[in-house]
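Since the structure comes first, as structure tokens, the remarks are kept for the end.
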Amino acid sequence: MSFDTPLGSPRMSYHPRPLSWIVILVGALAIFLIYASFVLVSSPIGAHVHGYFYGIGSSEKLDVSVASVNDGSVDKSLDIDGKKPSFDQQIDGSSNTRVADSNSSFATIPVGVGTDASNLTGSGRSEEPPSTVSINQSSAVFTTSKEASATSDNSTSTAVPESVEKPDNAGSVNSDCDLYHGNWVHDPLGPLYTNNTCPVLTQMQNCQGNGRPDKDYENWRWKPSQCDIPRFDPRKFLELMRGKTLAFIGDSVARNQMESMLCILWQVEVPKNRGNRNMQRYYFRSASVMIVRIWSSWLVKVTSEPYAYAPAGVDKLHLDAPDVKLMEHIPNFDVVVLSSGHWFAKKSVYILNNEIVGGQLWWPDKSKLMKVNNIQAFGISVETILTALATHPTYKGLTIVRSYSPDHYEGGAWNTGGSCTGKVKPIPLGELVENGFTNTMYGQQVTGFNNAVKKGTTNPSKLKLLDITQMFQYRHDGHPGPYRSPDPNKITKRGPDGRPPPQDCLHWCMPGPVDTWNELVLEIIKREYEGGSAS
């Protein structure tokens, strides 16, 4: 059988090429590719090609603090130069993502505070020179400027410097670190919650909801000089407190701190409200943790009935007797945070050893010697309540005494035209004017604390001082000021005669500086339950 070529079609012919030609062509191509690769890698173009794949040329330095990403927040520049911060933050109301401008910088405000309660007094606390600080956002820790600049302009290494803390260290703090000596550091990540994500926030502390136009006061974090405090980890807190009860006991500033704690925890779990008229109680089911608040404005026994020549209707403070209601519940608590001091400016009568010894805004007979004034009464009350806890037969908990919270009324007191209007930044270093009354109240508190520690040496309970007084004297920007309510017609500026509007320069905006107190509380609890000792 044969196949003929169709009529009119060109005749096809086949001329096979020798195999040697194919081998020669393949070999020439291989030589060309090898030579070309050598030229590319050995030339500057090679560095650029390498950079496309690995993100950095072999001759370039690695800036480990650039373009770190954490929790949806991007910080494009973490260079600290101690200058005024200039962050251009864009906040997405739905995701609360904050993006820092590439030209941003962090500012620090150094503050010196003593930590050993046995050596603390109302004055004489030193201040350290400012230290420049940078933030490694990927691990939420801070490093000093010397550490952050470990890779110099002439460096050719692409390895992360050993001095930069790794992410797995972010949750730990040196147990010997002084938590209360350090700086206020600007942090673009901002707070852990917003005024719209916390349903228990008291309206008077809802500064953004009340129309406060600035919010940079939310973006400063406390940085101890010797260590780094990680951002508050709500899940870590709940795990440490598993099966336990934390009680905030004291005045309205104690309520301020308790609500801050609830706002932070609320972001990971909605608690069940189990409170009543006598006690606020919020239960976190995942870890069986209870957060409690008990109102006790003076922490000592108070009566209103007539006593000797003191008439009815005036509060009588029995300075040598603890608050009965407080002591009734104290054995049920594992951690207690005490807050007091500001109510000693209110009208009251002081009773000691069954004798009227003084009063505040009350003294009927000018011929009689007043033995105890309101500052001394505060010191006695602190020693009374702490001694009662330190010597209690069944209370074995941890008592954290939050030191006196400074107010920032300028030009008068809360009821005489004092003002903090227009304060939007922490007080710069060197410009702080010491508040003599605050320092004196602090000194009385520390004295009472130390005396109680000495009396409770054989008791299993522990007393710790949460020493925030000095560091918070720099935070005059953190108060609500005139933004105490959502009233659109409220007065927020000084009048034509210079008189300031009614305002609150005592409590703290939420979110705001007050959240730092709970970061410190968490560190104290870590040291208690994970080993080490808080200063």
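At a glance:
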read-out: Rounded to whole Å, sorted largest first: equivalent-ellipsoid semi-axes of the range 422-535, Cα gyration tensor; value: 36, 17, 13
read-out: Low-density loop positions, trypsin sites (Lys or Arg not before Pro), the range 246-293 - DSSP coil, at most 13 other Cβ in 10 Å; value: ARG274, ARG277, ARG285
read-out: Share of alpha-carbon pairs per 5 Å distance bin for the range 350-390, given as whole %; value: 6, 22, 29, 21, 12, 6, 3, 1
read-out: Long-range Cα-Cα pairs in the range 199-348 (distance over 27 Å), rounded percent; value: 37
read-out: Tally of Lys pairs whose C-alpha atoms are under 22 Å apart, taken over the range 336-432, 8 or more apart or cross-chain; value: 6
read-out: Cα radius of gyration and Dmax for the range 311-365 (Å); value: 13.8, 45
read-out: The range 442-507: radius of gyration and largest Cα-Cα distance (Dmax), Å; value: 19.8, 62
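Throughout, read-outs are computed from the coordinates displayed, never taken from laboratory work. Predicted model only: the values in this text are computed from it and were never measured. Backbone-built Cβ (ideal geometry, glycine too); neighbour counts: all protein chains shown.
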